[in-house]
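Student: So that we are looking at the same thing, I have put the structure below in structure tokens.
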Amino acid sequence: MSEPNDIIHQSTRLRMMATLNALGAREMLEFSRLKAVLGISDGNMSTHLATLEKAGYIQISKDIVGKKPRTQIALTKEGRRAFQDHVSYLRGLLEA
Amino acid sequence: MNISRQDAAQALASVEIADRRMDTLRAYRDAAPFLQLWGAVWFIANAVTEFWPRQLSAVWLLATVIGSVVTAGIIVLHARRRKRLGLYSAEKGRRIGRGFMMVGITILAYFVSMHLVLGHLDARQSNAFTSLFWAFTYMTAGAWLGARLFLTGAVAVVAIVAGYLYIHEHFALWMAFSAGGSLMLAGFWLRRP
């Protein structure tokens, strides 16, 4: 059985990773959309995104669309693998 | 790190909820342009019918053909977008394409059969009958895809039935604003997270 991932297992980060994992391989989600899906504050979002980015699990890209700044988030390959490993670990726990 | 079986079950449940939510939002986002398109078709065709009733058949035929062509265009654009994002599989694309074609043929057969059974309908009856079919279709799709789509169909059904029963002189105008308008507004609603 694989090991648990304590970065991903935190409840908000787990929902964040699950939401991002539902995207396609080259799909990104806007910060505001992810925030609305998770129903959390800007501050909370930034803290958890920073943790996931530092671990190399997500990629954050910023650009300007029209005259507005846009922040988009996507899972990295490593993040997708780590999330799937953690979910496998959780499933394993239930099946054991 | 120690995770109990109960923690694991809760975590997996939250993953599943997030997954389902994203599926619903994706379905809403995909459905939104179709609703806006057909809302606009209803709006324009009904408005023209209200002011130029003699052009009714030509207007609805033209509006339906244009709507169908644009619908096909949106389906192609969706497929391209999904391909770009790594969400597209050729096998699934072919299956969905066949599905859409069969649905189109089935709906056409339904309307032909119903018109053979019902015989001649006046303009109001024909408008209400056809529009109700589509409004109930949105409700049926919403039962699978999400509450917002179901509610959109329900609002349109109520508007059509209420208009048919209580608005006699300006039914087409009522349909333009209530049914067409509600579909167009619903398109914006569906795009929201």
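Student: It is to be established whether one or more residues within region A:47-55 are assigned to a loop (DSSP other than H, G, I, E, B) and at pLDDT 90 or above.
Tutor: yes
Student: Out of A:N5, A:N21, I need the residue that is touching a residue at least 60 places away in the same chain (Cβ under 8 Å) and closer than 16 Å to B:Q10 by Cα. Which one?
Tutor: Result of the check over A:N5, A:N21: A:N5.
Student: Could you check region A:47-73 and list, in sequence order, the residues that are in contact with an Asp or Glu (Cβ under 8 Å, 6 or more places away or on another chain) and within 14 Å of A:L14 (Cα to Cα)?
Tutor: A:Y57
Student: Working carefully through the options A:M28, A:M17, A:M45, find the one that is surrounded by 12 or more Cβ atoms within 10 Å (Cβ to Cβ) and under 10 Å from the mean Cα position of the chain (by Cα).
Tutor: None of the others qualify; the one that does is A:M17.
Student: Just give me the residues in region A:1-24 being within 11 Å of A:G79 (Cβ to Cβ) and either within 7 Å of another protein chain (Cβ to nearest Cβ) or of a type in the set (S, T, N, Q) (or both), in sequence order.
Tutor: A:N5, A:N21
Student: So for region B:138-152 (the condition being more than 17 Å from the chain's Cα centre (by Cα), modelled with pLDDT of 90 or more and in a helix (DSSP H, G or I)), does at least one residue qualify?
Tutor: Among the residues of region B:138-152, not one is more than 17 Å from the chain's Cα centre (by Cα), modelled with pLDDT of 90 or more and in a helix (DSSP H, G or I), which makes the answer no.
Student: Being within 24 Å of B:M175 (Cα to Cα) and either at pLDDT 90 or above or part of a helix (DSSP H, G or I) (or both), is that true of even one residue in region B:79-86?
Tutor: No, region B:79-86 contains no residue that is within 24 Å of B:M175 (Cα to Cα) and either at pLDDT 90 or above or part of a helix (DSSP H, G or I) (or both).
Student: Moving on to the next point. Can you find even one residue in region B:13-31 that is closer than 25 Å to B:A159 by Cα, part of a helix (DSSP H, G or I), away from every other protein chain (no Cβ under 14 Å) and not aliphatic (A, V, I, L, M)?
Tutor: no
Student: List pairs: first residue in region A:67-90 and within 14 Å of another protein chain (Cβ to nearest Cβ) and acidic (D, E), second residue outside any helix (DSSP H, G or I) and surrounded by fewer than 17 Cβ atoms within 10 Å (Cβ to Cβ) anywhere in the structure, Cβ distance under 6 angstrom, at least six positions apart or on different chains.
Tutor: Short answer, once both residue conditions are applied: A:D85/A:S2.
Student: Could you tell me whether region B:88-101 includes any residue that is more than 14 Å from chain A (Cβ to nearest Cβ), in contact with an Asp or Glu (Cβ under 6 Å, 6 or more places away or on another chain) and closer than 20 Å to B:T64 by Cβ?
Tutor: For region B:88-101, residues more than 14 Å from chain A (Cβ to nearest Cβ), in contact with an Asp or Glu (Cβ under 6 Å, 6 or more places away or on another chain) and closer than 20 Å to B:T64 by Cβ: absent.
The values are calculated or read from the model by the stated rules, or taken from the named source; none is laboratory data. For clarity, every value in this text was computed on a predicted model and none was experimentally measured. Glycine also receives a Cβ, built like all others from the backbone with ideal geometry; neighbour counts cover every protein chain displayed.
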